[in-house]
1. Does the stretch 213-235 contain at least one residue that is over 24 Å from Arg183 (Cα atoms) and part of a helix (DSSP H, G or I)?
2. Please verify whether Glu113 is in contact (Cβ under 8 Å) with a residue 60 or more places away in the chain, in contact with a helix residue (DSSP H, G or I) (Cβ under 9 Å, 6 or more places away or on another chain) and not β-branched (Val, Ile, Thr), treating the condition exactly as stated.
3. Quick one: what pairs do we get from the stretch 177-201, first residue in contact (Cβ under 8 Å) with a residue 40 or more places away in the chain, second assigned to a loop (DSSP other than H, G, I, E, B) and open to solvent by less than 60 Å² (accessible area, probe 1.4 Å), C-beta under 6 Å, 6+ apart or different chains?
4. Is it fair to say Leu377 is closer than 30 Å to Ser95 by Cα and open to solvent by 50 Å² or more (accessible area, probe 1.4 Å)?
5. Just for strands (runs of 3 or more DSSP E) wholly inside the stretch 114-182: which have at least 2 residues that are more than 28 Å from the chain's Cα centre (by Cα) and of a type in the set (A, V, I, L, M, F, W, C)?
6. Could you go through the stretch 242-251 and let me know if any residue there is modelled with pLDDT under 95 and touching a helix residue (DSSP H, G or I) at 6+ places or on another chain (Cβ under 6 Å).
7. Tell me, which residue of the stretch 308-325 that is hydrophobic (A, V, I, L, M, F, W, C) and closer than 16 Å to Phe341 by Cα is nearest to the chain's Cα centre (by Cα)?
8. With respect to Gly315, determine if the residue is touching a Lys or Arg at 6+ places or on another chain (Cβ under 9 Å) and modelled with pLDDT of 95 or more.
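The values are calculated or read from the model by the stated rules, or taken from the named source; none is laboratory data. Since this is a predicted model, take the numbers as computed values, not measurements. Cβ sites come from the backbone with ideal geometry, for glycine too, and all protein chains shown count toward neighbours. For the accessible areas, the whole protein counts, side chains as well, though only heavy atoms, and no ligand, DNA or RNA atoms are used. Shrake-Rupley method; radii C 1.70, N 1.55, O 1.52, S 1.80 Å.
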Amino acid sequence: MSSLLHHSYCSSSSPLTSRSSLKLNFFPSSRIPASQNAVRCNLVEPLKYENGKPYTPYLSSTTTDQATATTTTTTTTPSISHSENAHDTRLRIFSGTANPALSQEIACYMGLELGRIKIKRFADGEIYVQLQESVRGCDVYLVQPTCPPANENLMELLIMIDACRRASAKNITAVIPYFGYARADRKTQGRESIAAKLVANLITEAGANRVLACDLHSGQSMGYFDIPVDHVYGQPVILDYLASKYICSDDLVVVSPDVGGVARARAFAKKLSDAPLAIVDKRRHGHNVAEVMNLIGDVKGKVAVMVDDMIDTAGTISKGAALLHQEGAREVYACSTHAVFSPPAIERLSSGLFQEVIITNTIPVLEQNYFPQLTILSVANLLGETIWRVHDDCSGGFEPYSSLGID
């Protein structure tokens, strides 16, 4: 049975649903009969907000193919209500062209409509942006991941920011679910550029007052900005989904695909029933080229959950999965927030090494790149709730998304 699950947050034929009109609906405990030795993977700190549900991109209003749709669930909402904010005329959300489906889901969750904006390309490739409504004195949120094509989407974001600044917006927040150039965050050799700092300067100089980013490749990237940065993590969304699965706690092991991701994997394991940790020792000989050397830890007969912030060409994670199978792992799950999926990632991920590949929709995945083991989770609730809290100048009770508890 296909693992590509689909879930629709709101129908395109129905009016937008506000947060206060949704009802709480957690995973039912009787959904899967548990055997005597199979226990649910409990989170150490259960999340207060519903996330981690497979989804269908909002822009598709047609019925999904029954061969790939295995279940549907009801959208849920946080217990904190800001329904009166749905009529706040000072808050505007605009979407770029990089991920309009995610932008629409965020607006749907918040009970708002996306702002009207005109974006087009001239024959020579130049980008034209015009706001189709007034934003004078408004708090404006521009949703635009700088995913491939990175340069096109980055330039579009900069022009959107400039358009809002020249239209007298009070505050401009760049909502960047995926921050491109984040891996160029330091000099590993002489005469290299630190492109992450350059991009941060560009966004600041364009006129942004704040940045909302999801799962930056490295925490120090926040320091490259001279404006406030709200950094939220997509890993809790994946944890929420894994909590619905029935896996024997004694069989679970969290694996870091490289030494650099140990802190992330350790925090993930701590939240997931305090599972043991294993590390893949990787030696990189060039960009997008990885070689697995050995494994630190025991995975024999266990269910291995590989955790990383992004999957690009899938070379690191696929070679790590092959090593885990050689060392006797029973099943291997791949979990990542950002699905860059540069060729030949799809071939590697669908080769049978993984029981399931769990990602989020910070970067849109083309339908032709779907494969049976793929599960896409939506971060719309996470980003929508964060936008509300930034707009309301409050942060209490939102720690599960703003910290991984790394110590």
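1. Applying the first criterion (over 24 Å from Arg183 (Cα atoms)) to the stretch 213-235 yields none.
The answer is no; no qualifying residue exists.
2. Details: in contact (Cβ under 8 Å) with a residue 60 or more places away in the chain: yes; in contact with a helix residue (DSSP H, G or I) (Cβ under 9 Å, 6 or more places away or on another chain): yes; not β-branched (Val, Ile, Thr): yes.
Taking the combined requirement at face value, the residue satisfies it.
3. Pairs found: Pro177/Pro145; Pro177/Thr362; Tyr178/Pro145; Tyr178/Cys147; Tyr178/Thr362; Tyr178/Ile363; Phe179/Leu216.
4. On the way: closer than 30 Å to Ser95 by Cα: yes; open to solvent by 50 Å² or more (accessible area, probe 1.4 Å): no.
Here the answer is no, as Leu377 does not meet what is asked.
5. Numbers: elements: 117-121, 127-131, 139-143, 171-176.
It comes to none.
6. The initial filter retains those residues of the stretch 242-251 that are modelled with pLDDT under 95, namely 242-251.
Keeping just the survivors that are touching a helix residue (DSSP H, G or I) at 6+ places or on another chain (Cβ under 6 Å) gives none.
No, the stretch 242-251 contains no residue that is modelled with pLDDT under 95 and touching a helix residue (DSSP H, G or I) at 6+ places or on another chain (Cβ under 6 Å).
7. Initial filter on the stretch 308-325 (hydrophobic (A, V, I, L, M, F, W, C)): 310-311, 314, 317, 321-324.
If we keep only those that are closer than 16 Å to Phe341 by Cα as well, we get 310-311, 314, 317.
Numbers: Met310: 9, Ile311: 12, Ala314: 17, Ile317: 18 Å.
Checked the stretch 308-325; the qualifying residue nearest to the chain's Cα centre (by Cα) is Met310.
8. For Gly315, the condition - touching a Lys or Arg at 6+ places or on another chain (Cβ under 9 Å) and modelled with pLDDT of 95 or more - is not met.
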